[in-house]
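In what follows, a structure is listed as structure tokens, so that the remarks can point back to it.
Every number here is computed from the coordinates shown, using simple stated rules; none is lab data. Given the structure is predicted, the values throughout are model-derived calculations rather than measurements. Here the Cβ positions follow ideal geometry from the backbone for every residue, glycine too, while neighbour counts run over all protein chains shown.
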Amino acid sequence: MITIKNAKVLCREAMELQKLNIIIQDNEIVELTPRGSKGRVVDGQNCVAAPSLINSHVHIGDSVAKDVGDGEPIEKIVKPPNGIKHRILGETSSKEMMNSMRNSMEEMLQTGTTTFVDFREGGVEGIEILEEASKNIPIRKIVLGRHASFQESDDLTQIKMAAKEILNHCDGIGLSGFGEIKDDVARLIVETCDEVGKLSAIHVAEYLKLQSESLNVHGKTEIQRAVDAGFNLLIHMTEPVDHDLETVGRSNATVVSCPRSNGALSVGIPPIKAMLDNGVNVALGTDNLMFNSPNMFSEMEYALKVTRGIYKTHLDPLEIFKMATVNPAKALGLEAGVIEEGKIADIMLIKGVSGDPILSIINRTRSKGINTLIKDGSVVLGA
């Protein structure tokens, strides 16, 4: 058992600050109590205990191509199968890729992230490379695989078989976008994921041209098509049009917003406040490591400030913090993201926090501000 003593704790979904001890058994928070302790003691004096962070969208393999292609059009950089990133990935050895993945996972831990969701390209082999790279690194990975046949074949039987094979090795399927697959393939993949209780995700409406092409060819936006197919996670949604926001708000889908990536690629700023106003469950991701560090503190700070800037109004920092904790945990089916009895003990102790702890965590915390990081009830940094 572990007891975190003397910390101020951001409790439950409301993140109310209370002076409590956190008692952990195995990987679970079993008690929040004003007194008493059991087992090993972790001293949280002068620290705030907060749920550790969830990075809901990364392409970790692309960390071999940091800062390549800056200033080029987005299609030239990332559009499969001939984008700059695909050429570099094809020329990179498995050993070099694993080393870059390890470094990125270590960086995530150092900046408070204990769970990440990876869009894993390269079929089963690509999944196996990440599995090997993550050995002995105490981070939770949710792997969404992909098979080349999804965009190369019209044979639905073959695609179904490929999807089943991929799902035997990972947590779901993550698709590049509707520019690479047909609607019947999208529906089939979602159906196959649903059959085994796994996640389905797709990039949608990352930039306006995609929406225009979708409307011209299909009479529907990419977002409407994704909701119709039943995807769990909609990545980006930078450019909703028509009734897209209301459509997603009425669905069970979660939008994973990646504002730093959108800014880096000059494609826009996601309308986060409008998403919230329409009842959308919003999570945050750092996206492609070509353009961004996997630092969720940076993502939260950017998201908060650019959203306030474009709407010219106040946005509660709590809403942004939930996008890195509570909201993705719900979307991913994780009993995490909050400090509450019965939840997984994924906790960070932050030092040097101001009188407004959530705003301080978003604006001021970096790796040196993390006193202790706990994942699955085990101390993985500090203490």
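In segment 290-383, what trypsin sites (Lys or Arg not before Pro) fall in a loop by DSSP, with at most 13 other Cβ atoms inside 10 Å? Each step should come with its number before you reach the end.
Working: sites: Lys305, Arg308, Lys312, Lys322, Lys330, Lys343, Lys351, Arg364, Arg366, Lys368, Lys375; in loops: Lys312, Lys343, Arg366.
Passing both the DSSP loop test and the Cβ count: Lys312, Arg366.
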Cβ-Cβ FRET estimate between Arg250 and Arg12, R0 fixed at 30 Å, reported to 0.05: 0.65
With Cα atoms, 0 to 90° folded angle of helix 183-195 axis to the chain main axis: 40
Tell me, what HN-Hα J-couplings in whole Hz come from the Karplus equation 6.51 cos²θ - 1.76 cosθ + 1.60 at θ = phi - 60° for each residue of segment 262-275, using x for Gly and Pro? 4, x, 4, 8, 6, 9, x, 10, x, x, 4, 4, 5, 4
If each of Asp242 and Ile84 carries a label point 7 Å out from its Cα toward its Cβ, how far apart are those two points in nm? 3.4
Lys and Arg at +1, Asp and Glu at -1: neighbours of Gln25 with Cβ under 14 Å from its Cβ sum to -2
Helix-only mean residue ellipticity at 222 nm for the chain, each DSSP H run of n ≥ 4 adding -39500 (n - 2.57), per residue, nearest 500: -10500 deg cm²/dmol
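For Ile269 and Lys368, calculate 0.36 nm times their separation in residues minus their Cα-Cα distance, and state this gained length in nm to one decimal.
Working: separation 99, 0.36 × 99 = 35.64 nm, distance 2.91 nm.
Gain in length upon complete extension: 32.7 nm.
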For segment 111-152, which trypsin sites (Lys or Arg not before Pro) are both in a DSSP coil and crowded by at most 10 other Cβ atoms within 10 Å? Lys135
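Going by average Cβ neighbours within 10 Å, how do the peptides 199-206, 258-265 rank, with the highest at the top? Can you show the working numbers first?
Numbers: 199-206: 26.8, 258-265: 23.1.
Listed from highest to lowest mean packing, they are 199-206, 258-265.
What do you get for GluC sites (Glu not before Pro) in segment 1-50 restricted to DSSP loop and a cutoff of at most 10 other Cβ within 10 Å of the site's Cβ? Mind dumping the intermediate values first?
Working: sites: Glu13, Glu16, Glu28, Glu31; in loops: Glu13.
Passing sites in segment 1-50 do not exist.
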Separation in nanometres of the label points that stand 7 Å from Cα toward Cβ, at Met161 and Glu31: 5.7
³J(HN,Hα) computed for each position of segment 306-314 - Karplus, 6.51 cos²θ - 1.76 cosθ + 1.60, integer Hz, glycine/proline x: 6, 5, 4, x, 6, 8, 6, 8, 6
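Considering only DSSP beta bridges with both partners in the chain, what is the antiparallel share in %, to the nearest 5? Please list the in-between numbers first.
Details: 26 of 61 bridges.
Bridges in the chain that DSSP calls antiparallel: roughly 45 percent.
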